[in-house]
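The values are calculated or read from the model by the stated rules, or taken from the named source; none is laboratory data. Model, not experiment: these values are computed from the prediction. Counting neighbours? That spans all protein chains shown, and the Cβs are built from the backbone with ideal geometry, glycine included. Note: areas computed on protein heavy atoms with side chains; ligands, DNA, RNA excluded. Shrake-Rupley method; radii C 1.70, N 1.55, O 1.52, S 1.80 Å.
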Amino acid sequence: MSSDAWQERYILRNIQRDESDLYWPLRLEALRTHPEAFGASYELSSQLSVSEVKERIHHEPDDYILGAYTPEGALAGMIGFKREFGLKLRHKGVVWGVYVSSAHRGKGLASRLLSEVLERGKHLENLKQINLSVVTTNASAKRLYERHGFEVYGIERNALEVEGQGYDEAHMTYFYNKHSD
């Protein structure tokens, strides 16, 4: 089956608070299997209560976690978006927590999730850019972001440390005025 056909099988929609039982296991899987890719840790995150997890799930146009669901209702992937807070920062948003479970990789799902976030951002008043960070060792993720128009604006050396190993992060940004239709 082609990548496009696979993509069409997935339903993209915001994760709801009452779906924490779907969301949290996938988030913990991401933190456990790729600890170098996330600022949050599996060790601390796995200790959160159900109510704390639910409090972290928002459903606002400028603060949400977008999920990719299989036709059977399983959560296959996710991406978080949050607009910056404050008068001088509201022109920016942040993408965080991008993850697709291993069983669903290679089908263009991360690309589809990112495209949806970028499209939604077009409709947020005065949103001018979206930022994200990616560890420099994750070449496939960096290529994905570059294909969608993100550009590196800096490298933070030793941004994350996992089990004594330092990881650099590329800070990337997407400017809407460069990519307007």
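Relative contact order of the chain: 19 percent, from C-alpha pairs under 8 Å at least 6 residues apart in sequence. Annotation for the range 80-181: GluC sites (Glu not before Pro) lying in DSSP loop with at most 12 further Cβ atoms inside 10 Å of their Cβ are Glu125, Glu163. Given [x] 16.8, 62; [y] 16.1, 47; [z] 20.8, 73, which label gives Rg and Dmax of the Cα atoms in Å as computed from the coordinates? Here Rg and Dmax of the Cα atoms in Å agrees with entry [y]. In the range 1-153, the portion of solvent-accessible area held by carbon and sulfur atoms comes to 51 percent [1.4 Å probe, whole percent, DNA, RNA and ligands not counted].
Using only DSSP helix segments of four residues or longer, with each worth -39500 (n - 2.57), what per-residue ellipticity at 222 nm results for the chain after dividing by its residue count and rounding to 500?
On the way: 6 runs with 55 residues, N = 181.
Result for the chain, helices only: -8500 deg cm²/dmol.
Stokes-Einstein diffusion of the range 112-181 at 25 °C, 0.890 mPa s viscosity, Kirkwood radius from Cα pairs, rounded to a whole number: 188 µm²/s.
Would you mind counting up the charge near Val152? Only other residues with Cβ under 15 Å from its Cβ, with Lys and Arg at +1 and Asp and Glu at -1. Net charge in that neighbourhood comes out at 0.
Within the shell of other residues whose beta carbon sits under 14 angstrom from the beta carbon of Val50, the net charge comes to -1, with Lys and Arg scored +1 and Asp and Glu -1.
The coefficient of translational diffusion for the range 15-109, derived via Stokes-Einstein from the alpha carbon Kirkwood radius under 20 °C and 1.002 mPa s, stands at 151 µm²/s. Straight-distance candidates among the lysines for linking to Lys178, with alpha-carbon spacing under 24 Å and chain neighbours fewer than 8 residues away dropped: Lys82, Lys88, Lys92, Lys122, Lys128, Lys142.
Across all Cα pairs in the range 98-153, the calculated P(r) in 5 Å bins from zero up to the longest distance comes to 4, 16, 28, 24, 17, 8, 3, 0 percent per bin.
Of the trypsin sites (Lys or Arg not before Pro) found in the range 103-181, those that fall in a DSSP loop while having at most 16 other beta-carbon atoms within 10 Å are Arg105, Lys128. Per residue, the chain exposes 55 Å² of solvent-accessible protein surface, assessed with a 1.4 angstrom probe and all protein chains in place.
Once C-alpha pairs closer than 8 Å and six or more residues apart are averaged by separation and normalised to the residue number of the range 11-104, the relative contact order reads 28 percent. Over all other residues within a Cβ to Cβ distance under 14 Å of Val134, the charged ones net out to -3, with Lys and Arg as +1 and Asp and Glu as -1.
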